[in-house]
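Student: Input: one structure, supplied below.
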Amino acid sequence: MLGMVGRAAEGFYQVCRGLWTVFKHSGRPPTTKEFPDVMPELPGAFRGRLALAVNPETGEHLCISCRQCERVCPDKCIDITAHKSPQTGKLELIDFKIDHGLCMFCGLCTEVCPTSCIINTSDFEMSEYSRGALIYDLKRLTLSQEESAYYFAKKDLPPPKPKAKPAPKPEAAGDAGESLAQQPSDVSQQPGPKAEE
Amino acid sequence: MNSAVFEIGKFARLTLLWLCIIFGAVWGVSWSIGVLLPAVILSQSGESGRFWAQLLQALVPVVAVALFVPLNTCYMVLAERRLLALFTVRKGPNRVGPDGAFQTVADALKLLLKEEITPRGADLLMYTLAPVIFFAPSIIGVMPLLAAVSGNHPLFTPVNLPTGVFYILAVSSIPVVGVVMGGWASNNKYSLVGALRSAAQAISYEIPLLLSIITVCLLAGTLDFVQIADNQRGSLLNWNILGGGALTHLGIGSPWWSIAAALLLAACCILLFALYVICACAEVNRTPFDLPEAESELVSGFNTEYSGIKFAIFFLAEYTNLFIVSTFAAVMFLGGGHAPFPGLEDACISGLRGLLAAWFGACTPFQLGWLVNSLVNPATVSQVFWIIVKSYALVWFASLIRATLPRLRIDQLMDYSWKRLVPLALILLIAVTFLKELV
Ligand code: SF4
Ligand code: SF4
């Protein structure tokens, strides 16, 4: 009998403690993110929509059509069309397609890219009315000069070197081998925490 | 910290806005039907209009309740959502109207416009009647409370019953019929399980609830709400939750057994209140006793198949019931419309009077008082104010409970009622009977 009273008192005490704990929470600032009104502050390493960067200074396309991203992609959602330029004998990019409906945003392609051309942007609002619209072609993928500059700064990437060799076409990158040797380690190095946008 | 205070301030603002809407509307309609229109009719047509004037006055309680119930539900749902948001560190609805004040109005409109679906194999008559049977008692049941909450205002006196407590308890056991009907008629296993659970739960928890109420009636010596409320006139010490004035009888010279009995009586009454709160939560299917609706187990319990207006009626009834049990507790335990510290209240009122007189320099306090008195009854205002404060405090407390406690299992639920609450209620009944004589 006494034990029961004791247990009842204990239970009552615990319930009151629980109520008090919950009540105290009303004094804390809400954690709600009001998304469409207030855009979230995403870190630089956020893996959003894929895009192809251009050289922020010169505006030339960074892709050297090395197809590393195409090969590494687990989903095989990257489709690169390139051919050897008859004049220079260099690879020339014709089209670059990424099926964002298939992509799982693993970021592997961005890690292997020797020129930090393909990057994950902070954009995640990409709903469409059809699956076909999710396949982005070269035009939709390529960022403007300002956007590229923004993401290079945000992700803390090393600025790309201007193509020194006599490259008649912007896509025909002359120093492919050189960049291949030094860039990957730089790209895979994680950008530090960011507070931008 | 700042923004948390901001959120609480928003909640307070919402509450004030809604209370003004609710009670302004109820008062306005009551006043125009009960005072203005009869006066106009009498002055126009003399004696021949007396019948119509009286009919209008008799209609006041009905109209007041019919207006109050939907408005109040709108506020309560909103307040509950905002409070739960506060307790779980969120923001809650804040899109429709200022601070989301009209979110529930929008929800209600949406519900009314929605298609009504009747499941295949449903018993149409029962299916349609169930929400009505569930809802009607909360409108009928609230009537005798009206006189008590309005300080026995002449317009609401006719609905007072000498056996009001008995009447409310009788009426409040009807909704479970509606629940079982709805659950059975919707031809859905989950609904049926929810309905049967509800029946078992309502029957089990009605007994300790009744016993605790009976004990309070025993203490007060009457079944009349107005008298029960009036018996608690005075201060906090006179409230039934502290033994209904047992503590105030104590003096320096009182014998020791009298002091001990009074203290014990107060303790018993606090326990009774706790008992009442627990059983009331179970009666109105609130967490932690919301097994009839257990979303995680039964989809939505007995009202799974309901949509549109019928679902809205279930919803309305549920929140109205919560409000009724809160008001009931306020009248039975928390001193009805009486202030906890009447001296303080009087001081505040006279201070306010002075302030108003200073503001309206041209208008003398006498004229102002006359203006106010012609519109409202000052005694009623104080009573209604305290009833509102107490009832809504209890409603908010129910939200706090909902935010805290997890749901019970069905066997624990039954155990808890029959093995713990019923014996406790019986012990308290006997204890209070004897202690009352000893004090
Ligand atoms: S992020 Fe992953 S899945 Fe998407 S394209 Fe790059 S490698 Fe393929
Ligand atoms: S890895 Fe980079 S440079 Fe190579 S094809 Fe892909 S995007 Fe172009």
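The values are calculated or read from the model by the stated rules, or taken from the named source; none is laboratory data. This is a predicted model, so every value here is computed, not measured. With ideal geometry, Cβ positions are generated from the backbone for all residues, glycine too; neighbour counts draw on all protein chains shown.
Student: Of all residues in segment B:105-152, which are of a type in the set (Gly, Ala, Ser), modelled with pLDDT of 80 or more, over 14 Å from residue B:310 (Cβ atoms) and in contact with a Gly (Cβ under 9 Å, 6 or more places away or on another chain)?
Tutor: Answer for segment B:105-152, where residues must be of a type in the set (Gly, Ala, Ser), modelled with pLDDT of 80 or more, over 14 Å from residue B:310 (Cβ atoms) and in contact with a Gly (Cβ under 9 Å, 6 or more places away or on another chain): just B:106.
Student: Now for a different question. Can you tell me which residue within segment A:41-56, out of those that are hydrophobic (A, V, I, L, M, F, W, C) and over 14 Å from residue A:116 (Cα atoms), is modelled with the highest pLDDT? Let's see the steps before the verdict.
Tutor: Taking segment A:41-56 as the starting set, the residues that turn out to be hydrophobic (A, V, I, L, M, F, W, C) are A:42, A:45-46, A:50-54.
Still in the list and also over 14 Å from residue A:116 (Cα atoms): A:42, A:46.
Working: A:42: 86, A:46: 89.
Of everything passing the filter in segment A:41-56, A:46 is modelled with the highest pLDDT.
Student: Among the residues of segment B:388-400, are any in a helix (DSSP H, G or I), surrounded by fewer than 18 Cβ atoms within 10 Å (Cβ to Cβ) and away from every other protein chain (no Cβ under 14 Å)?
Tutor: yes
Student: What pairs come up if the first residue lies in segment B:412-425 and is more than 14 Å from every other protein chain (Cβ to nearest Cβ), the second is not in a helix (DSSP H, G or I), and their beta carbons are under 7 Å apart, counting only those six or more places apart or on different chains?
Tutor: Close Cβ pairs satisfying both conditions: B:413/B:289; B:413/B:291.
Student: Out of segment A:109-132, which residues are under 18 Å from residue A:43 (Cα atoms) and of a type in the set (A, V, I, L, M, F, W, C)?
Tutor: Listed by number, the residues that qualify are A:118, A:119, A:124.
Student: Taking only segment A:132-149 into account, find how many residues are surrounded by fewer than 17 Cβ atoms within 10 Å (Cβ to Cβ) and assigned to a loop (DSSP other than H, G, I, E, B).
Tutor: Selection size over segment A:132-149: 2.
Student: Which count do you get for residues in segment A:2-24 that are out of contact with any helix residue (DSSP H, G or I) (no Cβ under 7 Å at 6 or more places or on another chain) and either at the interface with chain B (Cβ under 7 Å from one of its Cβ atoms) or β-branched (Val, Ile, Thr) (or both)?
Tutor: Residues of segment A:2-24 that are out of contact with any helix residue (DSSP H, G or I) (no Cβ under 7 Å at 6 or more places or on another chain), as a first pass: A:2-17, A:20-21, A:24.
Now drop any that are not either at the interface with chain B (Cβ under 7 Å from one of its Cβ atoms) or β-branched (Val, Ile, Thr) (or both), which leaves A:5, A:15, A:21.
Qualifying residue count for the region: 3.
Student: Kindly provide the set of residues from segment A:150-162 that are assigned to a loop (DSSP other than H, G, I, E, B) and either of a type in the set (Gly, Ala, Ser) or touching a residue at least 24 places away in the same chain (Cβ under 8 Å) (or both), ordered by number.
Tutor: Of everything in segment A:150-162, those that are assigned to a loop (DSSP other than H, G, I, E, B) and either of a type in the set (Gly, Ala, Ser) or touching a residue at least 24 places away in the same chain (Cβ under 8 Å) (or both) turn out to be A:155, A:156, A:157, A:158, A:159, A:160, A:162.
Student: Which is closer than 24 Å to residue A:35 by Cβ and of a type in the set (Asp, Glu), of A:111, A:128?
Tutor: On inspection, the qualifying residue turns out to be A:128.
Student: Taking the criterion of being out of contact with any Asp or Glu (no Cβ under 9 Å at 6 or more places or on another chain) and under 13 Å from residue B:63 (Cα atoms), would at least one residue in segment B:12-19 satisfy it?
Tutor: To start, the set of residues in segment B:12-19 that are out of contact with any Asp or Glu (no Cβ under 9 Å at 6 or more places or on another chain) comprises B:12, B:15-16, B:18-19.
Filter once more, keeping what is under 13 Å from residue B:63 (Cα atoms): none.
No.
Student: I'd like the full set of residues that are within 16 Å of ligand 1 (Cβ to nearest atom) and of a type in the set (Gly, Ala, Ser), limited to segment A:106-158.
Tutor: Of everything in segment A:106-158, those that are within 16 Å of ligand 1 (Cβ to nearest atom) and of a type in the set (Gly, Ala, Ser) turn out to be A:107, A:116, A:122.
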